[in-house]
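Enquirer: Provided herewith is a single structure, encoded as structure tokens, for subsequent inquiry.
The values are calculated or read from the model by the stated rules, or taken from the named source; none is laboratory data. Because the structure is a prediction, the values reported are computed rather than measured. All Cβ positions, even for glycine, are placed from backbone atoms using ideal geometry, and neighbour counts span all protein chains on display. The protein model used for the area step is the full one, side chains on, heavy atoms only, and it has no ligands, DNA or RNA in it. Shrake-Rupley method; radii C 1.70, N 1.55, O 1.52, S 1.80 Å.
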Amino acid sequence: MRMKRYIIPLVLLLAMSLTAQAQKQKDHNLEVGKHLDIFNELYKNLELLYVDTLNPKETIGTGINAMLRSLDPYTEYYAQDETKNLRMMLTGKYAGIGALIRKHQKLDRVVIDEPYQNMPAAEAGLKKGDVILSIDDSMMTDKAVGYVSEHLRGEPGTSFLLKVMRPSTGKLMSFKITRKNIKLPELPYYGIKEGNIGYINLNSFTEGCSKDMRKALIDLKKQGATSLILDLRGNGGGSEQEAVDILNLWLPKGITVVENRGKIKQASKEYKTRVEPLDTIMPLVVLVNGETASASEITSGAIQDLDRGVILGTRTYGKGLVQVPIDLPYNTNMKVTTSKYYIPSGRCIQAINYKKGSGGYREHIPDSLTKVFYTRNGREVRDGGGIKPDVELKGDTIPNIGFYLSASGQDSTEVMFDYVVDYIAQHPTIAPASEFHITDAEWQAFKDRVVKSGFTFDPVSKKQFAELVKTAKFEGYYEEAKSAFDELEKKLNHDVAFALDRHEQVLRQILESEIISAYYYQSGAIEASLNNDKQVKEAIRLLQNPEEYKKLLAPQKPKETSSLLMKIGKKSFGDMTVKEKKMKIFSAIA
């Protein structure tokens, strides 16, 4: 009898709760229907009454994009003519000639920047600096980069006549090129470093990259690699399944490495390793930075949570959201955030809360609000704010002058680009990538060319000084301190020759990298860069000191909370690329 007294109120409470939920859902559906009706009637009246004829693609497209902007930056709409961009993001594939092109501001022409290795552009003989004049009968001399890129792409197997002007000789040249399916190099370089340490650079998680990773690891082991550096710096992510399959190279079969949790059942999923691993004991160091995101964070986070390797570098981006592509009517698509992902310790590393509202806003999760989780060995890790490395070490930085010399911005004279083009014309071959260096005479020639060209760059200090002057005038004390401001301004006036001398070492490395990539493509430039990469050097040092490596992964002193460790097997993922590798300003893929 007494039990019935408790059961009846509980049943009533449950019924009331279900009724309240049903009413809430009904109210929500009414609101959705009401506002869709309002939007429909609003557009009908605009179409009927507005003084000018509306462009529905533009007006409704603007409305769609404004709606999505109130959510998160990864939920995106792709109109019919943009769906190919989504496909390329997912697969890393497109059909074209396989080259990076850019706008040469001084010439006001689109030029070849970097042909990809073993692709139609390189096989046809196109070189860095070639000025694109026409594609078949269509002139390209007054076209934007995007327009030229679209015309260089096309159906695989189709051919066209490309006319260019080679600036080093002034000759007009014609090339018959056949387009083919191009796959961006997601694994541009791997090799053996000193001490039998393997190195793999992975720059995206596109379809099939785990197979390439497996082949590279097998090859490195055959060459004698006994430990490995996996470089995920600048890797914006991609496919979740590819991340799981790459983790499976080092983790046993049947381990849950990531879990998606969404609002609906279909958006929630566990991802387990599916096959036997290649090597579960090889010491592993994973390099990360602020551009390591999404699937890269699943990979580095799972390795950290399972104590399978050491994470080295700077804190990662913090993208703990999952997107899936959805087909829409009329060959349009969208990419929608459906869930959050959780890595083995049970944590989600999403760094930003995206709030709804007018235009939306970002709220960065402060460290003080993050929660403690534990790795398999009991080491403390935290959620929110990305993956914090086990060994924090900032990467090499580029001085301001280096950025402006190598970029193709509006104010750049592109003097480095032109120097490299002339260098290629004068040097049919160069030393192997890892051994190549410019001579002192070549450096002096480059330096003289920069100074004589009238090259200028925009130091950050000058911008900040201008803001300080503006503030001082607004607050009324500028005139009183004018002499001090004038003296400071004189000291801030940059001397290009002085800046070249001051940053000679790093500027030489940038120039050498530009030259090397023209001969040995992206793989050669990466190989050469490792000679001066302090994070790679630290990874090598760590792998050459087994005791120090083991100590970083060793179990910590047990705590009261250790009994609450979350079961290894929580899931996670982050998907579609946050930011694909940055290309130079005004560049495009063809």
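Enquirer: So, of the residues in the stretch 442-479 that are outside any helix (DSSP H, G or I) and of a type in the set (Asp, Glu), which turns out to be surrounded by the most Cβ atoms within 10 Å (Cβ to Cβ)?
Expert: Asp458
Enquirer: Taking Lys211 and the conditions (1) in contact with a strand residue (DSSP E or B) (Cβ under 9 Å, 6 or more places away or on another chain); (2) charged (D, E, K, R); (3) over 24 Å from Thr314 (Cα atoms), which numbered condition does it fall short on, given that it satisfies the others?
Expert: (1)
Enquirer: Right, something else. Among the candidates Ser138, Ser70, single out the residue that is among the small types (Gly, Ala, Ser), open to solvent by 10 Å² or more (accessible area, probe 1.4 Å) and more than 30 Å from Val324 (Cβ to Cβ).
Expert: Result of the check over Ser138, Ser70: Ser138.
Enquirer: All but one of (1) of a type in the set (Asp, Glu); (2) open to solvent by 20 Å² or more (accessible area, probe 1.4 Å); (3) at pLDDT below 95; (4) in contact with a helix residue (DSSP H, G or I) (Cβ under 8 Å, 6 or more places away or on another chain) hold for Asp575, so report the exception by its number.
Expert: Of (1) of a type in the set (Asp, Glu); (2) open to solvent by 20 Å² or more (accessible area, probe 1.4 Å); (3) at pLDDT below 95; (4) in contact with a helix residue (DSSP H, G or I) (Cβ under 8 Å, 6 or more places away or on another chain), only one is false for Asp575: (2).
Enquirer: Just the residues that are touching a residue at least 60 places away in the same chain (Cβ under 8 Å) and open to solvent by less than 30 Å² (accessible area, probe 1.4 Å), please, taken from the stretch 105-114.
Expert: Asp113
Enquirer: Being on the phi < 0 side of the Ramachandran plot and outside any strand (DSSP E or B) is the filter; apply it to the stretch 310-323 and report the residue that is surrounded by the most Cβ atoms within 10 Å (Cβ to Cβ).
Expert: It comes out as Lys319.
Enquirer: In addition: Restricting to the stretch 39-58, count the residues that are open to solvent by 90 Å² or more (accessible area, probe 1.4 Å) and within 19 Å of Pro329 (Cβ to Cβ).
Expert: Number of matching residues: 3.
Enquirer: State yes or no: is Leu126 of a type in the set (A, V, I, L, M), open to solvent by 40 Å² or more (accessible area, probe 1.4 Å) and part of a loop (DSSP other than H, G, I, E, B)?
Expert: no
Enquirer: In addition: Hey, any hits in the stretch 85-104 for a residue that's modelled with pLDDT under 95, open to solvent by 60 Å² or more (accessible area, probe 1.4 Å) and part of a helix (DSSP H, G or I)?
Expert: yes
Enquirer: Turning to a different aspect of this structure: Would you check which residues across the stretch 353-385 are at pLDDT below 95 and crowded, with 19+ Cβ neighbours inside 10 Å and list them?
Expert: Residues satisfying the conditions are Asp383, Gly384, Gly385.
Enquirer: Is it true that some residue in the stretch 61-74 is more than 19 Å from Thr337 (Cβ to Cβ) and among the aromatic types (Phe, Trp, Tyr)?
Expert: Taking every residue of the stretch 61-74 in turn, none turns out to be more than 19 Å from Thr337 (Cβ to Cβ) and among the aromatic types (Phe, Trp, Tyr).
Enquirer: Being open to solvent by 60 Å² or more (accessible area, probe 1.4 Å), part of a strand (DSSP E or B) and either within 18 Å of His104 (Cα to Cα) or not β-branched (Val, Ile, Thr) (or both): is that true of Leu172 here?
Expert: It is true that Leu172 is open to solvent by 60 Å² or more (accessible area, probe 1.4 Å), part of a strand (DSSP E or B) and either within 18 Å of His104 (Cα to Cα) or not β-branched (Val, Ile, Thr) (or both).
Enquirer: Of all residues in the stretch 502-560, which are touching a residue at least 40 places away in the same chain (Cβ under 8 Å), outside any helix (DSSP H, G or I), under 22 Å from Ile197 (Cα atoms) and open to solvent by 50 Å² or more (accessible area, probe 1.4 Å)?
Expert: Gln544
Enquirer: Can you find, within the stretch 232-273, the residue that is surrounded by the fewest Cβ atoms within 10 Å (Cβ to Cβ) among those that are part of a helix (DSSP H, G or I) and of a type in the set (A, V, I, L, M)?
Expert: Ala267
Enquirer: So how many residues does the stretch 386-407 have that are modelled with pLDDT under 90 and either under 21 Å from Ala302 (Cβ atoms) or among the hydroxyl-bearing types (Ser, Thr, Tyr) (or both)?
Expert: Of the residues in that region, 3 qualify.
Enquirer: Now a separate question. Considering only residues that are at pLDDT 90 or above and among the acidic types (Asp, Glu), which ones fall in the stretch 408-431?
Expert: Asp418, Asp422
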